[in-house]
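The values are calculated or read from the model by the stated rules, or taken from the named source; none is laboratory data. Not measured: the values here are computed from a predicted model. Cβ placement follows ideal geometry from the backbone for every residue including glycine, while neighbour counts extend to all protein chains displayed.
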Amino acid sequence: MAYINLTKKFRPKKFSEIINQDHICQALMNSIAKEHISYAYLFSGNRGCGKTTMARVFAKTLNCKNRIINEPCNICENCIDIEKSHSLDVLEIDGASNNGVDEMRNLKNNVMLSNINSKYKIYIIDEAQQITSYAFNVLLKTLEEPPKCVVFILVTTEQYKIPITILSRCQRYRFKSISNSSIKDFLEKITKKEHLEITDEALNIIVSLSNGSIRDSLILLEQISNMKDIKITSEHIKELIGIVPNNIILVMIKSLLQKDIKMIFKIVNKIYKLGYNIIQFTKDLRDFLRKIMIYSINPRIIEIFPEEQEILKNLKIKISINTYIHINTILSKAINNMYQYDKPIVILEIYLLKATETYYNAKEFINKLDELIEKIQTSDNEYNNQFAQKHFDDTKLKHEWKMIINELGNKHPLIAMSLKNALIKITSDNFIQLTVFNQFDYDNIVDLKEEIHYLLKKKVNLNIELNIIKSDITNNYLKEIPKHIEEIATDFNSKIELPK
């Protein structure tokens with residue numbers, strides 16, 4: 001007998017076998033009992049939660065010749081044909097590959113053909129969100145005036161992509177993600193039926209990796225079932241899937257919080273040499289950070305296994321909400337970019353370095369500015385008094401500064417560009433400060449400091465000193481903030497990241 005994979009072998013064949021969707025099963029069974037059948041349904045929810053399976057069971061029940069208490073008999077001709085995808089009255093359409101106008105026009109024409117051997121002609125459109133907008137318009141015409149015996153079941157993981165004109169014509173059912181406990185109970189039954197020896201911790205890992213998807217859990221179980229000559233342990237799964245042990249993940253989290261760049265690179269290099277999956281490691285790191293954060297807020301709202309609970313309970317790591325958001329956002333961006341490059345380890349290293357950068361949220365930045373604004377305003381008054389007698393201020397300085405840049409631009413065009421990027425201001429009656437924002441501009445200007453100093457003294461007709469400093473804050477940011485904040489930010493020599 002040909003081998004049947006686990007996802008097909010253990011696919012539910014009636015409503016009572018579908019996991020964690022009792023509310024939808026009961027509603028559909030009631031509609032069958034009352035013969036209140038709509039012409040269009042929309043099943044939405046996360047992947048692997050039973051949407052397409054529910055559509056097939058519903059189709060079988062509607063066309064079953066020997067219905068048993070609103071459940072399919074699974075032995076009549078119609079049930080068998082639908083189960084084998086041989087039915088001419090129940091058609092499954094892949095929305096991803098049949099998403100164009102021509103395909104929808106063909107469907108519109110076929111809808112008008114009479115049923116062959118069943119009460120209803122049923123169209124199950126999977127991945128319906130991939131249908132184009134023009135094709136949806138064609139489908140809309142069909143949904144507006146379908147024949148009485150036709151039923152459409154649209155299945156999607158992204159309901160928000162379905163046009164409202166389509167949604168308004170469908171009975172909508174939202175499928176829940178499958179809980180970890182339900183998936184584990186289901187897998188325990190499967191392992192007994194398949195005579196697989198597996199430890200409880202190994203099952204927990206499979207459940208955790210499935211992310212609420214029954215299908216994913218069965219695929220993982222089938223993958224490791226090739227090791228059925230031995231008892232499957234958590235070590236076997238970690239080795240096969242490439243899961244980095246929790247102790248390494250915890251060391252990485254501590255290193256990120258302590259900004260220990262040497263240790264971060266040491267860990268990345270180690271997991272790379274040991275052959276672990278870099279993308280999977282990044283996902284595990286992000287997910288464990290999430291568990292730490294949620295557990296610290298309320299241990300009752302996170303679904304974790306006993307061994308994980310013990311780790312989190314004894315964990316001494318403290319993560320602020322702002323730090324968590326900062327690191328988690330960076331790791332999520334890293335995961336997205338890793339799929340586009342041939343060397344994920346390079347992407348991981350770049351983003352981990354970014355995660356160690358000093359981070360200020362908007363509130364911290366504004367509080368710091370409030371403290372400094374008063375100081376700057378006081379200083380401004382002093383500066384104005386000092387320079388009033390000399391009839392010299394920032395406005396006149398900036399005017400003369402443009403003249404100096406134009407004069408130097410004829411002989412040193414590259415340095416003139418660096419001077420344009422710089423910020424000039426009076427810091428005292430004897431000093432003018434020139435602030436640059438990168439090493440390249442700083443080196444250019446320092447090389448020509450004497451000539452710049454000479455021109456400044458000549459233009460302003462004062463005996464002043466020139467001080468050149470390099471700041472980390474970007475000039476683009478300074479241009480967008482008011483004058484006083486501009487001066488504050490120059491002194492606030494730190495990297496500041498504000499939310500977009």
Matching residues in region 418-462 (within 12 Å of residue 397 (Cα to Cα), aliphatic (A, V, I, L, M) and in contact with a strand residue (DSSP E or B) (Cβ under 7 Å, 6 or more places away or on another chain)) number 6
Only one of 44, 38 is exposed (fewer than 13 other Cβ atoms within 10 Å of the Cβ), touching a strand residue (DSSP E or B) at 6+ places or on another chain (Cβ under 7 Å) and among the small types (Gly, Ala, Ser), namely 38
Considering every residue within region 437-457, establish whether at least one is at pLDDT 75 or above, over 30 Å from residue 330 (Cβ atoms) and touching a Phe, Trp or Tyr at 6+ places or on another chain (Cβ under 7 Å). no
How many residues of region 401-424 are among the charged types (D, E, K, R) and either modelled with pLDDT under 80 or under 14 Å from residue 470 (Cβ atoms) (or both)? The answer is 1
One residue is enough: does region 60-77 have a residue meeting the conditions within 14 Å of residue 18 (Cα to Cα), of a type in the set (A, V, I, L, M, F, W, C), without any contact (Cβ under 8 Å) to a residue 60 or more places away in the chain and crowded, with 17+ Cβ neighbours inside 10 Å? no
Quick one: is residue 64 more than 20 Å from residue 214 (Cβ to Cβ) and either modelled with pLDDT under 90 or in the same structural domain as residue 16 (by TED's automatic domain parsing) (or both)? yes
Just a yes or no: is a residue in region 465-488 hydrophobic (A, V, I, L, M, F, W, C), at pLDDT 55 or above and farther than 16 Å from residue 420 by Cβ? yes
Which of the residues spanning region 82-112 are closer than 29 Å to residue 33 by Cβ and either among the small types (Gly, Ala, Ser) or free of Cβ contacts under 8 Å to residues at least 24 places away in the same chain (or both)? 84, 85, 86, 87
Pick from region 275-293 the residues that are within 11 Å of residue 348 (Cβ to Cβ) and of a type in the set (A, V, I, L, M): which of them is surrounded by the fewest Cβ atoms within 10 Å (Cβ to Cβ)? 279
Identify all residues within region 9-30 that are within 33 Å of the chain's Cα centre (by Cα) and of a type in the set (A, V, I, L, M, F, W, C); write none if there are none. 10, 18, 19, 24, 25
Can you tell me how many residues in region 102-133 are farther than 27 Å from residue 65 by Cα, touching a strand residue (DSSP E or B) at 6+ places or on another chain (Cβ under 9 Å) and in a helix (DSSP H, G or I)? 4
Can you name the residue in region 74-101 that is closer than 14 Å to residue 127 by Cα and part of a loop (DSSP other than H, G, I, E, B) and, of all such residues, is modelled with the highest pLDDT? 95
Could you check region 217-295 for helices (runs of 4 or more DSSP H) lying wholly inside it with 3 or more residues that are under 30 Å from residue 182 (Cα atoms)? 234-241, 246-258
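The rows are residues; the columns are (1) modelled with pLDDT under 90; (2) surrounded by 14 or more Cβ atoms within 10 Å (Cβ to Cβ); (3) over 32 Å from the mean Cα position of the chain (by Cα).
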residue	(1), (2), (3)
135	yes, yes, no
139	yes, yes, no
143	yes, yes, yes
151	no, yes, yes
167	no, yes, no
172	no, yes, no
Tell me, yes or no, whether region 108-131 has at least one residue that is assigned by TED's automatic domain parsing to the domain that holds residue 160, closer than 19 Å to residue 51 by Cβ and surrounded by fewer than 15 Cβ atoms within 10 Å (Cβ to Cβ). no
The residue from 224, 232, 183, 206 that alone is within 27 Å of residue 61 (Cβ to Cβ) and buried (at least 18 other Cβ atoms within 10 Å of the Cβ) is 183
With the first residue restricted to region 243-272 and required to be over 17 Å from residue 345 (Cβ atoms), and the second required to be at pLDDT 90 or above and not aromatic (Phe, Trp, Tyr), Cβ contacts under 7 Å at 6 or more apart or on different chains are 251/267
